[in-house]
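The values are calculated or read from the model by the stated rules, or taken from the named source; none is laboratory data. Note that the structure is a prediction, hence the values are computed from the model and not measured. Cβ: placed from backbone, ideal geometry, glycine included. Neighbour counts: every protein chain shown.
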């Protein structure tokens, strides 16, 4: 998709920008606000007002992305939970001077990023417009981040300051409601709203950053964050909602429910008290760890695979969603930073139709990143990026924890890593959509927790707006069990952004870059399947042997208990039961007190290849039966030949091929 320009005709735009910039300069002395109208391209406006941002998290995600592109290292979001009447987003980025703010106001829906204009006004790196001034790869391109707040409110303030300035700019923005027929003839633009900017004296010259205050958050948004529809359905107070559709039971963890029977949003008017996984005194990082642990602890305790929609209310789900989309650090470590101490099988994916994944032997203390020269997730040029929401530090919710299961053939997680930088020079420029380069991992685990991170997630320059695609880009091979055990991320460092739809939450499947990535994912999954099966076949043979030993032990214990119960007064130990290869060997063992049988006279145990619901060898079943029969004295006075015949008849009850 081409970047929307969303600007009024150039001559009028230039005049308005120049006048507004002058008005801001005058306002420093007069304290009279500089005023301007907001204009938006009708195509962008129509898409935005149609609700391209489906959840509050989507708009907040855009503001976080703007902070990242402004070289912020910290972002603080105050949602005013559980009221959500006013939301503040504050960062310590570079801030905006009058020139940047002026252009933003007159190009709503446009962007100065990745353009020479960005270099001129200081929003991009002077040597590379695809980078931030500090050297970060820019997340945004569509340039509607600030306008995305129209989904949350029609009234907001922007307070911004550049380091070294002795003033900060305070912009008060009021947005209008869009209606058909208001597009100016021949113009293609719509008057979106108005803005007033006042420069305020600042004593802290070294401070910098931007704060966005969303005033009077829309009731619909507040209801969403408060999970009002869900609660009213659960409490049976809604005539419109079906409790079965929303969930008849309350979420396990939630921010509480304000009294539904009052218009007041006072904190002390709870109808249902909050149940949060952390304590008030917990540090921000600990809070998110406890949120993740709350989900992980459900594994095998209440369900096999936790469902976030059932476990969390909309507020906590918003925190989780933001943690997935923002370019923040991982809860434990980046998968590329795994070492041999993490006890993970590591394989390198080989590009090509017939390639096979190659085992990677890591040296002591060596990371996957170092071994394979991977770049994604390497040190941030600004020193890091941290996001805090209501004193909860957001971290990418991925754990390397292994959840062993009794029947699992592979005894530890598996990490498959790869990269692809196809040569597209032979493809016409109007078709290829630019160059493409990415790195990726596929993490196999016995269980992926929670199930919402099953699938593949595409990150462009570290950030993502999409959810995990649990179809793995429409992978057609039926691998339902194995695919449920894989989570994957694709780190795109070049290209792919043009394949994003305007909502930045979905892709244009027809775009060449999406097609290339999709085909690469499918080839990789075939390599993963082959490798996993190969390891599994070997491991399963060992597991079957251990299961046989364990089951035999249980069977033998039962036979011994039966002997003890039946012969408890005899003071006689249970005999050893053996199956020998010849008559002479059997006779020798009988002489030593064993209950011995000749293999040749028990045809049913001479070939144990029959397929039955048990993994026990038939010979072990025979031994247990012989011990029990001997305990009851059935073999007393019976010839060896008749003993063989009796055992053969009993075995035929369990094994069809022993009936002939």
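With respect to the conditions (1) surrounded by fewer than 23 Cβ atoms within 10 Å (Cβ to Cβ); (2) in contact with a helix residue (DSSP H, G or I) (Cβ under 9 Å, 6 or more places away or on another chain); (3) closer than 22 Å to residue 509 by Cβ, residue 464 lacks only one, and its number is (1).
For region 296-304, check the following and say yes or no: at least one residue is modelled with pLDDT of 90 or more, assigned to a loop (DSSP other than H, G, I, E, B) and under 26 Å from residue 398 (Cβ atoms).
Scanning region 296-304, I find no residue that is modelled with pLDDT of 90 or more, assigned to a loop (DSSP other than H, G, I, E, B) and under 26 Å from residue 398 (Cβ atoms), so the answer is no.
Taking region 332-376 as the range and being surrounded by 20 or more Cβ atoms within 10 Å (Cβ to Cβ), in contact with a strand residue (DSSP E or B) (Cβ under 7 Å, 6 or more places away or on another chain) and either in a loop (DSSP other than H, G, I, E, B) or not assigned by TED's automatic domain parsing to the domain that holds residue 443 (or both) as the test, the residues that pass are 338, 344, 349, 357, 374, 376. Of the helices (runs of 4 or more DSSP H) that lie entirely inside region 9-93, not one contains 2 or more residues that are in the same structural domain as residue 460 (by TED's automatic domain parsing) and at pLDDT 85 or above. Here residue 470 fulfils each of the conditions (1) farther than 22 Å from residue 305 by Cβ; (2) in contact with a strand residue (DSSP E or B) (Cβ under 6 Å, 6 or more places away or on another chain); (3) surrounded by fewer than 18 Cβ atoms within 10 Å (Cβ to Cβ) apart from (1).
In the set 277, 327, only one residue is touching a residue at least 24 places away in the same chain (Cβ under 8 Å) and closer than 30 Å to residue 381 by Cα; that residue is 327. Scanning region 405-427 turns up no residue that is closer than 30 Å to residue 73 by Cβ, under 24 Å from the mean Cα position of the chain (by Cα) and exposed (fewer than 15 other Cβ atoms within 10 Å of the Cβ). Only residues that are modelled with pLDDT under 85 and either surrounded by fewer than 20 Cβ atoms within 10 Å (Cβ to Cβ) or in contact with a helix residue (DSSP H, G or I) (Cβ under 8 Å, 6 or more places away or on another chain) (or both) were counted across region 94-110, and they come to 7.
If you go through region 247-280 and pick out every residue that is in contact with a strand residue (DSSP E or B) (Cβ under 6 Å, 6 or more places away or on another chain), part of a loop (DSSP other than H, G, I, E, B) and modelled with pLDDT of 95 or more, you end up with 1. Can you tell me which residue within region 571-588, out of those that are farther than 16 Å from residue 559 by Cβ and surrounded by fewer than 18 Cβ atoms within 10 Å (Cβ to Cβ), is modelled with the lowest pLDDT? Restricting to residues being farther than 16 Å from residue 559 by Cβ and surrounded by fewer than 18 Cβ atoms within 10 Å (Cβ to Cβ), the top hit is 571.
Check whether at least one residue in region 161-177 is surrounded by fewer than 17 Cβ atoms within 10 Å (Cβ to Cβ), closer than 27 Å to residue 380 by Cα and either modelled with pLDDT of 75 or more or outside the structural domain of residue 499 (by TED's automatic domain parsing) (or both), and report yes or no. Within region 161-177, one or more residues are surrounded by fewer than 17 Cβ atoms within 10 Å (Cβ to Cβ), closer than 27 Å to residue 380 by Cα and either modelled with pLDDT of 75 or more or outside the structural domain of residue 499 (by TED's automatic domain parsing) (or both). Kindly indicate whether any position in region 387-394 is assigned to a loop (DSSP other than H, G, I, E, B), over 30 Å from residue 136 (Cβ atoms), in contact with a strand residue (DSSP E or B) (Cβ under 7 Å, 6 or more places away or on another chain) and outside the structural domain of residue 137 (by TED's automatic domain parsing). Scanning region 387-394, I find no residue that is assigned to a loop (DSSP other than H, G, I, E, B), over 30 Å from residue 136 (Cβ atoms), in contact with a strand residue (DSSP E or B) (Cβ under 7 Å, 6 or more places away or on another chain) and outside the structural domain of residue 137 (by TED's automatic domain parsing), so the answer is no.
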